[in-house]
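Scroll down for the structure; my scribbles are underneath it.
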Amino acid sequence: MSCFESSTFLKNPQVMSQEILKKACEKLNWKFKIKTEKETQVLYVYSTNPKANMQGEYALKVIDNIVTYNSYYMKNGKELVKELEGEFYGLNVLYAKETILREFQAVGFKVLPDLKFHSTETEKEKFKMVASTRMPNETEKRTEIEFVIKFDGAIVTDSNYIPEDIHKLADKAMEAIDKSFGTIRKEGEQIKRKQIPAIYQGKTYCSISGQIKSNNSSTIITQKIKRS
């Protein structure tokens, strides 16, 4: 996470956190089973789509956060994931929301609902994660980071000025989301920087290039923010 940044998380359909997936299934009332096979925990998910004739088959299974889709669905190998994506969009949206809440709440943020937002075909969820700085000399105490979850579970974030202590916490949470999504955002593609307003020039802890500035001077530390 950087000051004045828009970032997009595109989920890898082959990666899911078992813990987050289980919670998402519980909220959607989707059937699932957890089994131990060869001393490894395996999570099986069963679709509740009434149009899907499952014939008692599972839809997907997750071993060590790696997803395997049941070939029972498959018309041919290339169509497998595409065929399942539409059916699992609702699960992906909730998976995305549970991921954001878990990782940002873990570092001290709180959720702020957008009461004016109405779900559309393309945007299903919109809210902010908020936190307050503990830096005594910081004039802007409150930080709000906006999250929009798309119909397919993709996440789009938007941030403005972030104090240094909150910045570090947001970085940690964003890296955890990357891990749960099984992707790595790239500068200039999924990570896009906004113009820094003149009043924040020299104040922000991130430069336009994504580098962290030193606390005691305007010298830029050569180590860039982690984007893993």
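Points to keep in mind about this one:
Rundown of residues vs (1) at pLDDT below 90; (2) of a type in the set (Phe, Trp, Tyr), yes/no style:
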residue: PHE9; (1), (2): no, yes
residue: PRO13; (1), (2): yes, no
residue: ASN53; (1), (2): yes, no
residue: TYR58; (1), (2): yes, yes
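- In region 21-47, the residue that is modelled with the lowest pLDDT out of those that are assigned to a loop (DSSP other than H, G, I, E, B) and surrounded by 16 or more Cβ atoms within 10 Å (Cβ to Cβ) is SER47.
- Strands (runs of 3 or more DSSP E) fully within region 109-173 that include at least 3 residues being at pLDDT 95 or above and in contact with a Leu (Cβ under 7 Å, 6 or more places away or on another chain): 123-132.
- Within region 133-146, the residues that satisfy the criterion of being touching a residue at least 12 places away in the same chain (Cβ under 8 Å) and hydroxyl-bearing (Ser, Thr, Tyr) are THR133, THR143.
- For region 1-20, filtered to residues that are more than 13 Å from the chain's Cα centre (by Cα) and assigned to a helix (DSSP H, G or I), the residue that is surrounded by the fewest Cβ atoms within 10 Å (Cβ to Cβ) is GLU19.
- Positions within region 103-129 being of a type in the set (A, V, I, L, M) and surrounded by 16 or more Cβ atoms within 10 Å (Cβ to Cβ), in sequence order: VAL107, MET129
- Pair list, Cβ < 9 Å and 6+ apart or interchain, from region 64-75 residues that are at pLDDT 65 or above to residues that are of a type in the set (Ser, Thr, Tyr): ASP64/THR40; ASN65/SER17; ASN65/SER180; ASN70/TYR58
- Picking from residues in region 178-202 that are among the aliphatic types (A, V, I, L, M) and in contact with a Lys or Arg (Cβ under 8 Å, 6 or more places away or on another chain), the one that is surrounded by the most Cβ atoms within 10 Å (Cβ to Cβ) is ILE191.
The values are calculated or read from the model by the stated rules, or taken from the named source; none is laboratory data. On a predicted model such as this, the values are computed, not experimentally measured, just so you know. We place every Cβ from the backbone using ideal geometry, glycine too, and count neighbours over all the protein chains shown.
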